[in-house]
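The structure appears right after this line, and notes come after that.
None of the figures in this text is laboratory data; all of them are computed from the coordinates on show. Because the structure is predicted, anything quoted here is derived from the model rather than measured. All Cβ positions, glycine included, derive from the backbone under ideal geometry; neighbour counts span all protein chains shown.
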Amino acid sequence: MIIDILSWVCLFAGGMLGIVGGIGIHRFPDFYSRLHAAGITDTLCAMLILFGLGLQAGFTLAAFKLALIFVFLFFTSPTASHALANAALHSGLKPKLVMNGRGVGS
Amino acid sequence: MFIAVSLAILITMGLALARALTGPTTYDRIAAVNMFGTKTVLLIAVLAFLSGRTDLLDIALVYALINFIGVVAALKLVTQKNFHSSGEKERKVE
């Protein structure tokens, strides 16, 4: 029972975090802020949802597969975000800066 | 309960797809597609538990691998315009 409640809390927190990340990538004004929203929420959302599913599964093969998916996502998601930011910066895309209400830079 | 979580993931995928369709730069589109792929992995995992067939987790595992390779390959194609050159300046062949 306790495990069920913990699992649902994890799953709902993960879903909410996913929606927050989606709103962030849809409404933020700049590429880097969009990448910030997507990159931060992606890893924690995946972690919470996979942990909730793992609590539902118990000690089975499915839980091991979920742990494997989590390890892959945990290493590849920040790497992909870093590669994206690096490529955008090297291609000359400038962050949009706002100072005293006026746009500075592009 | 699994249905609510899968609906939340579907809403997120819709928002990411809207950004991928309207993104001003190519990097916006690649970031949105990366997020879309991660959410697809999570959706497959939730659907595996929703339908009670945990064999689908293998597909989610393969999708997680292919997503990363695809994003890095798309980035290399965008930044260097081809697949055959290394990151450094090419030497002249005598």
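Computed quantities for the displayed model
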read-out	value
Using distinct alpha-carbon pairs, which all enter the 1/r mean, Kirkwood radius of the protein assembly as shown in Å	17.9
Volume per residue of the C-alpha convex hull in chain A, rounded to whole Å³	99
Longest to shortest principal axis, alpha-carbon extents of segment B:13-53, angstrom	41, 13, 7
Inter-label distance, nm, simple model (7 Å from Cα along the C-beta direction), B:LEU10/A:VAL20	2.4
Cα pair distances of chain B binned at 5 Å [whole percent]	2, 13, 17, 17, 16, 11, 9, 6, 4, 2, 1, 1, 0, 0
Positive-pole candidate from B:LEU61, B:LEU50, B:PHE83, dipole of chain B, charges at beta carbon	B:PHE83
Charged-residue dipole, Cβ positions (Lys, Arg, Asp, Glu), segment A:2-96 about Cα centre, Debye nearest 20	300
